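Taking it in order: structure first as C-alpha coordinates, then the write-up.
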Amino acid sequence: MKDDAYTRKSFLKKSLATAGALGAFGTLPSLLGCSRDFSTDPEKPNVILITADDLGWKDTGCYGNRNISTPNIDALARRGVRFTNAFVVSSSCSPSRASLITGQYPHTNGVTGLTHVYKTRALSPFHRTLPDILKDHGYNTAIQGKWHVSPYLPVGWYGYNERLSGILPSEWHIRDARKSIDFIRRNKDNRFYLEINFIQTHREDSGEFNYAPGFPVDPAKVRVPEYMTLPDWSEIRADLSKFYSQLLHMDAVIGDIMKALDDLGLAENTLVVFLGDNGPPYPGNKIALYDRGTGVPLILRWPTRFTANRAEAGLVNSIDIMPTILAACGIAAPKDTQGVSFLAAAEGKGAAPREAVFMEMTNHVYYIPTRAVRTSEWKYIRNYSDIAFGLDQNKRMEWAHRLCERPSQPWKRPRVREELYHLAKDPHEQVNLAGKPAFAERLASMRALLDGHMKATGDPYLGAEFTHEYNERDYDMPVTGKKQGN
(Lines give C-alpha, C1' and ligand atoms only; values in the text may rest on other atoms or scores of the structure.)
Protein backbone atom coordinates (compact mmCIF):
# COMPACT_ATOMS: atom_id res chain seq x y z
CA MET A 1 0.00 0.00 0.00
CA LYS A 2 2.81 2.41 0.87
CA ASP A 3 4.56 1.73 -2.43
CA ASP A 4 1.29 2.36 -4.31
CA ALA A 5 0.78 5.63 -2.48
CA TYR A 6 4.28 6.71 -3.29
CA THR A 7 3.80 5.82 -6.97
CA ARG A 8 0.73 8.02 -7.11
CA LYS A 9 2.56 10.86 -5.43
CA SER A 10 5.49 10.49 -7.82
CA PHE A 11 3.12 10.61 -10.79
CA LEU A 12 1.59 13.79 -9.43
CA LYS A 13 5.07 15.27 -8.98
CA LYS A 14 5.93 14.52 -12.58
CA SER A 15 2.66 15.94 -13.79
CA LEU A 16 3.29 19.13 -11.88
CA ALA A 17 6.74 19.32 -13.47
CA THR A 18 5.01 20.09 -16.77
CA ALA A 19 3.19 23.03 -15.29
CA GLY A 20 6.00 25.39 -16.33
CA ALA A 21 5.76 28.69 -14.54
CA LEU A 22 3.40 27.24 -11.95
CA GLY A 23 6.13 24.92 -10.70
CA ALA A 24 9.07 27.21 -11.21
CA PHE A 25 8.79 28.88 -7.84
CA GLY A 26 6.29 26.91 -5.79
CA THR A 27 6.88 23.99 -3.46
CA LEU A 28 4.98 20.74 -3.40
CA PRO A 29 3.19 21.35 -0.06
CA SER A 30 1.85 24.72 -1.24
CA LEU A 31 0.70 23.25 -4.55
CA LEU A 32 -1.00 20.25 -2.95
CA GLY A 33 -2.26 21.93 0.19
CA CYS A 34 -0.47 19.45 2.44
CA SER A 35 -1.16 19.43 6.15
CA ARG A 36 1.08 21.51 8.41
CA ASP A 37 0.57 19.21 11.40
CA PHE A 38 3.91 17.72 12.43
CA SER A 39 5.01 14.97 14.79
CA THR A 40 5.81 15.76 18.40
CA ASP A 41 7.05 12.25 19.21
CA PRO A 42 9.71 12.71 21.94
CA GLU A 43 11.38 9.45 20.94
CA LYS A 44 12.40 10.89 17.59
CA PRO A 45 15.26 13.40 17.30
CA ASN A 46 15.29 16.61 15.38
CA VAL A 47 17.85 16.48 12.57
CA ILE A 48 20.20 19.20 11.32
CA LEU A 49 22.36 18.20 8.35
CA ILE A 50 25.16 20.69 7.64
CA THR A 51 27.31 20.48 4.52
CA ALA A 52 30.39 22.55 3.73
CA ASP A 53 31.29 23.09 0.09
CA ASP A 54 34.78 21.93 -0.96
CA LEU A 55 35.97 21.28 2.60
CA GLY A 56 38.56 18.52 2.89
CA TRP A 57 39.08 16.07 5.71
CA LYS A 58 42.13 17.86 7.19
CA ASP A 59 40.93 21.47 6.93
CA THR A 60 39.38 22.02 10.38
CA GLY A 61 41.15 22.26 13.70
CA CYS A 62 39.77 19.00 15.09
CA TYR A 63 41.16 17.18 12.05
CA GLY A 64 44.65 18.57 12.44
CA ASN A 65 44.71 21.99 10.71
CA ARG A 66 47.21 24.16 12.55
CA ASN A 67 46.85 27.21 10.29
CA ILE A 68 43.62 28.37 11.91
CA SER A 69 41.26 27.55 14.75
CA THR A 70 37.69 26.45 13.98
CA PRO A 71 36.24 26.62 17.49
CA ASN A 72 32.61 25.84 16.73
CA ILE A 73 33.19 22.87 14.44
CA ASP A 74 35.75 21.63 16.96
CA ALA A 75 33.13 22.02 19.71
CA LEU A 76 30.77 19.81 17.68
CA ALA A 77 33.49 17.15 17.66
CA ARG A 78 34.11 17.46 21.39
CA ARG A 79 30.40 16.94 22.05
CA GLY A 80 30.00 14.20 19.48
CA VAL A 81 31.70 11.53 17.36
CA ARG A 82 34.39 12.41 14.82
CA PHE A 83 34.84 9.95 11.96
CA THR A 84 38.42 9.90 10.70
CA ASN A 85 37.93 7.74 7.60
CA ALA A 86 34.83 9.20 5.97
CA PHE A 87 34.65 9.48 2.18
CA VAL A 88 32.17 10.88 -0.32
CA VAL A 89 31.16 8.73 -3.28
CA SER A 90 32.14 11.42 -5.78
CA SER A 91 34.53 14.35 -5.62
CA SER A 92 32.11 16.69 -7.37
CA CYS A 93 29.27 18.71 -5.89
CA SER A 94 26.09 17.50 -7.61
CA PRO A 95 26.86 13.75 -7.60
CA SER A 96 28.06 13.93 -4.01
CA ARG A 97 25.02 15.80 -2.74
CA ALA A 98 22.51 13.69 -4.68
CA SER A 99 24.04 10.54 -3.20
CA LEU A 100 23.83 12.06 0.26
CA ILE A 101 20.03 12.48 0.15
CA THR A 102 19.25 9.32 -1.87
CA GLY A 103 21.64 6.81 -0.31
CA GLN A 104 22.55 5.70 -3.85
CA TYR A 105 25.61 5.81 -6.07
CA PRO A 106 25.64 8.43 -8.86
CA HIS A 107 25.33 5.81 -11.62
CA THR A 108 22.19 4.57 -9.85
CA ASN A 109 20.42 7.85 -9.11
CA GLY A 110 21.53 9.34 -12.43
CA VAL A 111 23.31 12.44 -11.13
CA THR A 112 26.68 11.83 -12.78
CA GLY A 113 27.78 15.41 -13.46
CA LEU A 114 27.24 19.01 -12.43
CA THR A 115 23.53 19.59 -12.92
CA HIS A 116 23.76 23.21 -14.01
CA VAL A 117 25.98 22.00 -16.88
CA TYR A 118 24.26 18.65 -17.61
CA LYS A 119 20.64 19.57 -16.97
CA THR A 120 19.28 16.15 -17.97
CA ARG A 121 21.32 14.58 -15.17
CA ALA A 122 19.46 16.41 -12.43
CA LEU A 123 17.87 14.16 -9.82
CA SER A 124 14.44 12.98 -10.92
CA PRO A 125 11.50 13.80 -8.62
CA PHE A 126 10.67 10.08 -8.81
CA HIS A 127 13.57 9.34 -6.45
CA ARG A 128 12.81 9.12 -2.78
CA THR A 129 15.01 11.42 -0.72
CA LEU A 130 15.89 11.81 2.92
CA PRO A 131 13.71 14.92 3.45
CA ASP A 132 10.87 13.31 1.50
CA ILE A 133 10.85 10.28 3.79
CA LEU A 134 11.16 12.35 6.95
CA LYS A 135 8.30 14.58 5.79
CA ASP A 136 6.11 11.51 5.38
CA HIS A 137 6.88 10.63 9.01
CA GLY A 138 5.79 13.96 10.44
CA TYR A 139 8.93 16.09 10.16
CA ASN A 140 8.81 19.68 9.01
CA THR A 141 11.60 19.89 6.44
CA ALA A 142 13.58 22.85 5.18
CA ILE A 143 16.69 23.66 3.17
CA GLN A 144 18.91 26.72 3.32
CA GLY A 145 21.81 27.53 1.03
CA LYS A 146 23.05 25.57 -1.95
CA TRP A 147 20.65 23.44 -4.00
CA HIS A 148 22.75 21.77 -6.69
CA VAL A 149 20.98 18.42 -6.94
CA SER A 150 18.29 19.73 -9.29
CA PRO A 151 18.69 23.50 -9.34
CA TYR A 152 16.05 24.18 -12.00
CA LEU A 153 13.22 22.38 -10.19
CA PRO A 154 11.47 23.36 -6.95
CA VAL A 155 12.88 21.92 -3.74
CA GLY A 156 9.34 20.99 -2.68
CA TRP A 157 9.33 18.22 -5.25
CA TYR A 158 12.16 16.57 -3.30
CA GLY A 159 10.59 16.68 0.15
CA TYR A 160 11.48 20.12 1.49
CA ASN A 161 8.50 21.98 2.92
CA GLU A 162 10.38 25.26 3.13
CA ARG A 163 13.18 26.94 1.21
CA LEU A 164 15.01 29.44 3.41
CA SER A 165 17.20 30.83 0.61
CA GLY A 166 16.34 32.32 -2.76
CA ILE A 167 16.28 30.28 -5.95
CA LEU A 168 19.25 32.00 -7.59
CA PRO A 169 22.82 30.82 -6.90
CA SER A 170 23.67 34.38 -5.83
CA GLU A 171 21.16 33.94 -2.99
CA TRP A 172 22.61 30.67 -1.69
CA HIS A 173 25.28 32.32 0.46
CA ILE A 174 24.41 31.92 4.17
CA ARG A 175 25.82 35.09 5.70
CA ASP A 176 24.28 34.72 9.15
CA ALA A 177 22.20 32.34 11.24
CA ARG A 178 18.95 34.30 11.40
CA LYS A 179 16.85 32.23 8.98
CA SER A 180 18.03 28.91 10.41
CA ILE A 181 17.36 30.07 13.97
CA ASP A 182 13.90 31.35 13.00
CA PHE A 183 13.03 27.95 11.51
CA ILE A 184 14.28 26.14 14.61
CA ARG A 185 12.35 28.47 16.91
CA ARG A 186 9.13 28.04 14.91
CA ASN A 187 9.49 24.26 15.15
CA LYS A 188 10.72 23.87 18.71
CA ASP A 189 7.57 21.97 19.70
CA ASN A 190 7.61 19.48 16.82
CA ARG A 191 10.09 17.33 14.92
CA PHE A 192 12.06 19.06 12.19
CA TYR A 193 14.73 18.37 9.58
CA LEU A 194 16.91 21.31 8.57
CA GLU A 195 19.52 21.00 5.80
CA ILE A 196 22.07 23.82 5.81
CA ASN A 197 24.37 23.91 2.78
CA PHE A 198 27.19 26.42 3.11
CA ILE A 199 29.10 27.66 0.06
CA GLN A 200 31.70 29.87 1.75
CA THR A 201 34.59 27.53 0.94
CA HIS A 202 33.69 27.26 -2.75
CA ARG A 203 35.52 29.57 -5.16
CA GLU A 204 33.72 32.52 -6.72
CA ASP A 205 32.73 32.25 -10.39
CA SER A 206 35.95 34.11 -11.19
CA GLY A 207 37.94 31.27 -9.64
CA GLU A 208 39.11 33.53 -6.83
CA PHE A 209 38.51 33.62 -3.10
CA ASN A 210 37.84 36.83 -1.20
CA TYR A 211 38.44 37.49 2.47
CA ALA A 212 35.30 37.26 4.58
CA PRO A 213 34.80 40.63 6.34
CA GLY A 214 35.76 40.34 9.99
CA PHE A 215 37.71 37.12 9.58
CA PRO A 216 41.30 38.03 8.70
CA VAL A 217 43.95 35.38 8.06
CA ASP A 218 47.59 36.38 7.66
CA PRO A 219 49.04 34.56 4.62
CA ALA A 220 52.52 34.93 6.11
CA LYS A 221 51.45 32.57 8.91
CA VAL A 222 49.85 29.99 6.61
CA ARG A 223 51.68 26.85 5.53
CA VAL A 224 50.34 24.66 2.73
CA PRO A 225 49.10 21.42 4.37
CA GLU A 226 51.10 18.33 3.49
CA TYR A 227 47.97 16.35 2.65
CA MET A 228 47.17 18.62 -0.32
CA THR A 229 50.49 17.54 -1.93
CA LEU A 230 51.15 21.09 -3.17
CA PRO A 231 54.35 23.12 -2.83
CA ASP A 232 54.52 25.77 -0.11
CA TRP A 233 54.51 28.67 -2.58
CA SER A 234 53.60 32.22 -1.60
CA GLU A 235 50.79 32.34 -4.19
CA ILE A 236 49.18 29.20 -2.78
CA ARG A 237 49.55 30.46 0.78
CA ALA A 238 47.83 33.70 -0.20
CA ASP A 239 44.97 31.79 -1.81
CA LEU A 240 44.67 29.47 1.18
CA SER A 241 44.46 32.42 3.58
CA LYS A 242 41.26 33.55 1.81
CA PHE A 243 39.90 29.98 1.77
CA TYR A 244 40.51 29.81 5.53
CA SER A 245 38.90 33.22 6.05
CA GLN A 246 35.70 31.93 4.45
CA LEU A 247 35.92 28.77 6.58
CA LEU A 248 36.10 30.92 9.72
CA HIS A 249 32.97 32.80 8.64
CA MET A 250 31.11 29.53 8.18
CA ASP A 251 32.37 28.29 11.55
CA ALA A 252 30.99 31.38 13.26
CA VAL A 253 27.53 30.93 11.71
CA ILE A 254 27.51 27.29 12.81
CA GLY A 255 28.36 28.45 16.32
CA ASP A 256 25.36 30.80 16.36
CA ILE A 257 23.04 27.99 15.26
CA MET A 258 24.37 25.60 17.89
CA LYS A 259 23.98 28.29 20.58
CA ALA A 260 20.34 28.75 19.56
CA LEU A 261 19.77 25.01 19.99
CA ASP A 262 21.18 25.25 23.50
CA ASP A 263 19.17 28.36 24.35
CA LEU A 264 15.93 26.72 23.15
CA GLY A 265 16.64 23.54 25.10
CA LEU A 266 16.76 21.44 21.93
CA ALA A 267 20.39 20.37 21.80
CA GLU A 268 20.01 17.14 23.75
CA ASN A 269 17.57 15.56 21.32
CA THR A 270 18.84 17.01 18.06
CA LEU A 271 21.04 14.90 15.81
CA VAL A 272 23.55 17.21 14.14
CA VAL A 273 25.52 15.87 11.16
CA PHE A 274 28.37 17.92 9.69
CA LEU A 275 30.43 16.98 6.62
CA GLY A 276 32.12 18.31 3.50
CA ASP A 277 30.80 17.51 0.02
CA ASN A 278 34.27 16.84 -1.46
CA GLY A 279 37.90 17.83 -1.07
CA PRO A 280 39.32 21.36 -1.27
CA PRO A 281 39.36 23.30 -4.56
CA TYR A 282 43.03 22.84 -5.43
CA PRO A 283 44.83 20.96 -8.22
CA GLY A 284 44.80 17.21 -7.71
CA ASN A 285 42.34 17.47 -4.80
CA LYS A 286 38.72 18.23 -5.75
CA ILE A 287 37.40 16.14 -8.71
CA ALA A 288 40.09 13.48 -8.13
CA LEU A 289 39.42 10.18 -6.35
CA TYR A 290 42.52 10.36 -4.19
CA ASP A 291 41.88 10.63 -0.46
CA ARG A 292 42.54 14.36 -0.64
CA GLY A 293 39.60 14.60 -3.07
CA THR A 294 37.11 12.23 -1.44
CA GLY A 295 38.10 12.38 2.22
CA VAL A 296 35.83 14.71 4.21
CA PRO A 297 35.23 15.71 7.82
CA LEU A 298 32.24 13.90 9.31
CA ILE A 299 30.95 14.72 12.78
CA LEU A 300 27.76 13.43 14.42
CA ARG A 301 26.44 14.95 17.65
CA TRP A 302 23.44 13.60 19.56
CA PRO A 303 23.96 14.05 23.30
CA THR A 304 21.19 11.65 24.39
CA ARG A 305 22.68 8.77 22.39
CA PHE A 306 26.36 9.41 21.54
CA THR A 307 29.31 9.48 23.92
CA ALA A 308 31.06 12.81 23.60
CA ASN A 309 34.58 13.47 22.34
CA ARG A 310 35.11 10.16 20.62
CA ALA A 311 36.90 9.31 17.38
CA GLU A 312 35.80 6.45 15.12
CA ALA A 313 38.30 5.11 12.57
CA GLY A 314 36.02 2.75 10.63
CA LEU A 315 35.36 3.32 6.93
CA VAL A 316 32.22 5.33 6.20
CA ASN A 317 30.78 6.37 2.83
CA SER A 318 28.52 9.38 2.31
CA ILE A 319 25.70 7.18 0.95
CA ASP A 320 25.58 5.68 4.46
CA ILE A 321 24.43 8.94 6.04
CA MET A 322 20.84 8.73 4.78
CA PRO A 323 20.15 5.25 6.24
CA THR A 324 21.97 6.25 9.45
CA ILE A 325 19.76 9.30 9.96
CA LEU A 326 16.65 7.26 9.18
CA ALA A 327 17.71 4.57 11.66
CA ALA A 328 18.21 7.23 14.32
CA CYS A 329 14.64 8.39 13.63
CA GLY A 330 13.28 4.85 13.81
CA ILE A 331 12.49 4.73 10.09
CA ALA A 332 13.39 1.91 7.71
CA ALA A 333 15.40 2.90 4.65
CA PRO A 334 13.89 2.22 1.20
CA LYS A 335 14.76 -1.16 -0.30
CA ASP A 336 16.78 0.43 -3.10
CA THR A 337 19.08 2.24 -0.68
CA GLN A 338 22.70 1.25 -1.36
CA GLY A 339 24.17 2.81 1.76
CA VAL A 340 24.29 1.05 5.12
CA SER A 341 23.60 2.51 8.54
CA PHE A 342 26.59 3.11 10.82
CA LEU A 343 24.41 4.16 13.78
CA ALA A 344 25.85 1.38 15.96
CA ALA A 345 29.37 2.67 15.31
CA ALA A 346 28.29 6.21 16.18
CA GLU A 347 26.82 4.91 19.43
CA GLY A 348 29.99 2.98 20.22
CA LYS A 349 28.10 -0.31 20.10
CA GLY A 350 29.84 -1.86 17.11
CA ALA A 351 32.25 -1.34 14.27
CA ALA A 352 31.51 0.59 11.10
CA PRO A 353 29.98 -1.95 8.70
CA ARG A 354 32.23 -1.39 5.67
CA GLU A 355 35.47 -3.11 4.71
CA ALA A 356 35.75 -1.02 1.55
CA VAL A 357 34.32 2.20 0.12
CA PHE A 358 33.69 2.84 -3.57
CA MET A 359 33.98 6.15 -5.40
CA GLU A 360 33.25 7.30 -8.92
CA MET A 361 33.47 10.20 -11.34
CA THR A 362 31.91 10.44 -14.78
CA ASN A 363 31.58 14.16 -15.43
CA HIS A 364 32.43 17.25 -13.48
CA VAL A 365 32.37 20.23 -15.81
CA TYR A 366 33.94 17.91 -18.37
CA TYR A 367 34.29 14.17 -18.95
CA ILE A 368 36.71 12.39 -16.58
CA PRO A 369 35.41 8.79 -16.21
CA THR A 370 36.99 7.14 -13.17
CA ARG A 371 36.13 4.43 -10.62
CA ALA A 372 37.91 3.55 -7.38
CA VAL A 373 37.84 1.30 -4.33
CA ARG A 374 39.51 1.97 -1.00
CA THR A 375 40.15 -0.37 1.92
CA SER A 376 41.87 0.52 5.18
CA GLU A 377 45.28 -0.02 3.54
CA TRP A 378 44.90 0.07 -0.24
CA LYS A 379 43.47 2.28 -2.98
CA TYR A 380 42.79 1.13 -6.55
CA ILE A 381 41.80 3.65 -9.23
CA ARG A 382 40.64 2.71 -12.71
CA ASN A 383 40.61 5.45 -15.34
CA TYR A 384 38.40 4.89 -18.37
CA SER A 385 40.01 7.61 -20.48
CA ASP A 386 43.40 9.29 -20.68
CA ILE A 387 41.67 12.68 -20.50
CA ALA A 388 43.56 14.73 -17.91
CA PHE A 389 41.92 15.88 -14.69
CA GLY A 390 42.78 19.45 -15.61
CA LEU A 391 42.71 22.37 -13.18
CA ASP A 392 38.99 23.13 -12.82
CA GLN A 393 38.59 26.71 -11.50
CA ASN A 394 42.33 26.89 -10.84
CA LYS A 395 42.96 27.09 -14.58
CA ARG A 396 42.86 30.90 -14.33
CA MET A 397 45.82 30.94 -11.94
CA GLU A 398 49.32 31.29 -13.41
CA TRP A 399 50.76 29.38 -10.46
CA ALA A 400 48.49 26.39 -11.16
CA HIS A 401 49.84 25.99 -14.68
CA ARG A 402 53.41 26.42 -13.46
CA LEU A 403 52.68 23.78 -10.85
CA CYS A 404 51.92 21.27 -13.61
CA GLU A 405 55.48 21.57 -14.90
CA ARG A 406 56.49 19.44 -11.91
CA PRO A 407 56.64 15.66 -12.45
CA SER A 408 54.58 15.10 -9.29
CA GLN A 409 51.73 17.35 -10.53
CA PRO A 410 50.41 15.66 -13.72
CA TRP A 411 47.02 17.37 -13.86
CA LYS A 412 47.47 18.56 -17.47
CA ARG A 413 49.01 15.31 -18.71
CA PRO A 414 47.24 12.13 -19.91
CA ARG A 415 46.12 9.64 -17.29
CA VAL A 416 47.13 6.00 -17.10
CA ARG A 417 44.69 3.07 -17.10
CA GLU A 418 45.27 1.88 -13.51
CA GLU A 419 46.64 3.16 -10.23
CA LEU A 420 47.40 1.22 -7.05
CA TYR A 421 48.54 2.80 -3.79
CA HIS A 422 49.63 1.28 -0.49
CA LEU A 423 48.03 3.80 1.85
CA ALA A 424 49.73 2.45 4.96
CA LYS A 425 53.12 3.39 3.51
CA ASP A 426 52.08 6.05 0.98
CA PRO A 427 49.18 8.01 2.51
CA HIS A 428 49.38 10.81 -0.07
CA GLU A 429 49.17 8.40 -3.03
CA GLN A 430 52.40 9.39 -4.75
CA VAL A 431 53.84 6.04 -5.86
CA ASN A 432 51.73 4.07 -8.36
CA LEU A 433 52.37 0.34 -7.82
CA ALA A 434 50.04 -0.90 -10.58
CA GLY A 435 52.84 -1.80 -12.98
CA LYS A 436 55.16 -3.47 -10.50
CA PRO A 437 55.31 -7.32 -10.60
CA ALA A 438 55.66 -7.57 -6.81
CA PHE A 439 52.13 -6.18 -6.44
CA ALA A 440 50.43 -8.13 -9.22
CA GLU A 441 48.44 -10.27 -6.79
CA ARG A 442 47.23 -7.25 -4.81
CA LEU A 443 46.31 -5.49 -8.05
CA ALA A 444 44.25 -8.49 -9.16
CA SER A 445 42.37 -8.64 -5.85
CA MET A 446 41.55 -4.92 -5.94
CA ARG A 447 40.40 -5.22 -9.55
CA ALA A 448 38.08 -8.03 -8.52
CA LEU A 449 36.74 -6.03 -5.59
CA LEU A 450 35.85 -3.10 -7.84
CA ASP A 451 34.40 -5.34 -10.56
CA GLY A 452 32.19 -7.08 -8.02
CA HIS A 453 30.83 -3.76 -6.82
CA MET A 454 30.22 -2.50 -10.35
CA LYS A 455 28.39 -5.68 -11.29
CA ALA A 456 26.27 -5.67 -8.13
CA THR A 457 25.22 -2.04 -8.61
CA GLY A 458 24.77 -2.12 -12.39
CA ASP A 459 27.53 0.33 -13.20
CA PRO A 460 27.48 0.82 -17.00
CA TYR A 461 31.26 1.25 -17.12
CA LEU A 462 31.92 -2.35 -16.12
CA GLY A 463 34.00 -3.85 -18.92
CA ALA A 464 34.44 -0.54 -20.75
CA GLU A 465 37.67 -0.02 -22.68
CA PHE A 466 40.30 2.58 -21.86
CA THR A 467 39.92 5.33 -24.48
CA HIS A 468 42.57 7.70 -25.78
CA GLU A 469 40.92 11.13 -25.98
CA TYR A 470 43.62 13.38 -24.53
CA ASN A 471 44.23 16.63 -26.41
CA GLU A 472 47.03 18.82 -25.11
CA ARG A 473 45.30 21.92 -26.47
CA ASP A 474 42.48 21.45 -23.96
CA TYR A 475 44.90 22.33 -21.17
CA ASP A 476 46.73 25.30 -22.67
CA MET A 477 47.53 28.05 -20.20
CA PRO A 478 44.83 30.76 -20.49
CA VAL A 479 46.88 33.36 -18.60
CA THR A 480 50.10 35.12 -19.50
CA GLY A 481 52.68 37.11 -17.63
CA LYS A 482 56.02 36.90 -15.96
CA LYS A 483 56.49 34.03 -13.55
CA GLN A 484 56.57 35.13 -9.94
CA GLY A 485 58.85 33.89 -7.21
CA ASN A 486 57.76 30.98 -5.03
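With the convex hull drawn over the C-alpha atoms of the chain, the volume per residue is 149 Å³. Among the trypsin sites (Lys or Arg not before Pro) within the stretch 349-440, those in coil by DSSP and having at most 11 neighbouring Cβ atoms inside 10 Å are Lys349, Lys425. Measuring max minus min along each principal axis, the C-alpha atoms of the stretch 368-446 give extents of 41, 25, 22 Å (largest first).
With the convex hull drawn around the C-alpha atoms of the stretch 165-254, the volume per residue stands at 127 Å³.
Computed in the context of the full set of protein chains, the accessible area of the stretch 157-282 at 1.4 Å probe radius has 51% of its extent on carbon or sulfur. Each 5 Å bin from zero up to the one holding the largest Cα-Cα distance in the stretch 218-296 carries the following percent of pairs: 3, 14, 17, 18, 17, 11, 9, 8, 3, 0. Report the charge-dipole magnitude of the stretch 101-184 in Debye, nearest 20, computed about the Cα centre from +1 at each Lys and Arg Cβ and -1 at each Asp and Glu Cβ. Using only the charged Cβ atoms, the result is roughly 180 debye.
Per-residue 3J(HN,Hα) values for the stretch 286-303, derived from phi via the Karplus relation 6.51 cos²θ - 1.76 cosθ + 1.60 with θ = phi - 60°, read 4, 6, 9, 9, 6, 4, 5, x, 10, x, 9, x, 9, 10, 10, 10, 8, x Hz in sequence order (x marks Gly and Pro). Rg and Dmax, both from the Cα atoms of the stretch 52-132 and both in Å, are 15.6, 45.
With all pairs of different C-alpha atoms in the average, the Kirkwood value for the hydrodynamic radius of the stretch 343-486 is 17.4 Å. Ellipticity at 222 nm from helices only: DSSP H runs of n ≥ 4 in the chain, each -39500 (n - 2.57), divided by the residue count, give -8000 deg cm²/dmol.
Could you work out what % of the accessible surface of the stretch 368-486 is carbon and sulfur, using a 1.4 angstrom probe and leaving DNA, RNA and ligands out of the count?
Values: 3240 of 6270 Å².
About 52 percent, which is the carbon plus sulfur part of the accessible surface.
Across the stretch 81-123, Cα-Cα pairs more than 12 Å apart make up 55 percent of the total. In a reduced charge model with +1 at each Lys and Arg Cβ and -1 at each Asp and Glu Cβ, the stretch 197-236 shows a dipole moment near 140 debye about its Cα centre. Of all beta bridges DSSP finds with both residues in the chain, what is the antiparallel percent, to the nearest 5? Here the antiparallel bridges make up roughly 50 percent for the chain. Model label points for Asp451 and Val117, set 7 angstrom from Cα along the Cα-to-Cβ axis, are 3.1 nm apart. Against the chain, whose longest principal axis comes from its Cα atoms, helix 234-263 is set at around 20 degrees. So what J values fall out for the stretch 420-432 if you push phi through Karplus, 6.51 cos²θ - 1.76 cosθ + 1.60 with θ = phi - 60°, rounded to Hz, Gly and Pro as x? Result, rounded to whole Hz: 9, 10, 8, 5, 5, 9, 9, x, 9, 6, 10, 10, 7. Mind checking which of Leu449, Gly295, Leu130 is farthest towards the positive end of the chain's charge dipole, using Cβ charges of +1 (Lys, Arg) and -1 (Asp, Glu) about the Cα centre? Highest projection toward the positive end goes to Leu130.
With viscosity 1.002 mPa s and temperature 20 °C, the Kirkwood radius over alpha carbon pairs of the stretch 116-230 converts through Stokes-Einstein to a diffusion coefficient of 129 µm²/s.
With N counted as the residues of the stretch 27-161, its alpha-carbon radius of gyration over 2.2 N^0.38 Å works out to 1.19. Computed about its Cα centre, the charge dipole of the chain is approximately 120 debye, with only Lys, Arg, Asp and Glu carrying charge at their Cβ.
When N counts the residues of the stretch 297-415, how does its alpha-carbon radius of gyration compare numerically with 2.2 N^0.38 Å, as a ratio?
Its radius of gyration relative to the 2.2 N^0.38 Å reference: 1.41.
Considering only Tyr421, Ile368, Ala308, and ranking their Cα positions along the charge dipole of the chain that arises from unit charges at the beta-carbon of Lys, Arg, Asp and Glu, the one farthest toward the positive end is Ala308. Projecting the Cα positions of Pro353, Gly207, Leu247 onto the charge dipole of the chain (unit charges on Cβ atoms of Lys, Arg, Asp and Glu, taken about the Cα centre) puts Pro353 furthest along the positive direction. FRET efficiency for the Ala311 to Asp476 pair, using the beta carbon distance and R₀ = 60 Å, is estimated at 0.85. Restricting the calculation to alpha carbons of the stretch 263-341 gives Rg and Dmax of 15.0, 44 angstrom. Based on protein heavy atoms only, the chain ends up with 40 Å² per residue of surface accessible to a 1.4 Å probe. Taking θ as phi - 60° and the Karplus parameters 6.51, -1.76 and 1.60, the scalar couplings of the stretch 265-272 work out to x, 10, 5, 4, 10, 10, 7, 9 Hz in sequence order, x denoting glycine and proline.
The values are calculated or read from the model by the stated rules, or taken from the named source; none is laboratory data. No experiment lies behind these values; they were computed from the predicted model shown. Neighbour counts run over all protein chains shown; Cβ positions are idealised from the backbone, glycine included. Calculation scope for accessible area: heavy atoms of the full protein, side chains included, ligands and nucleic acids excluded. Shrake-Rupley method; radii C 1.70, N 1.55, O 1.52, S 1.80 Å.
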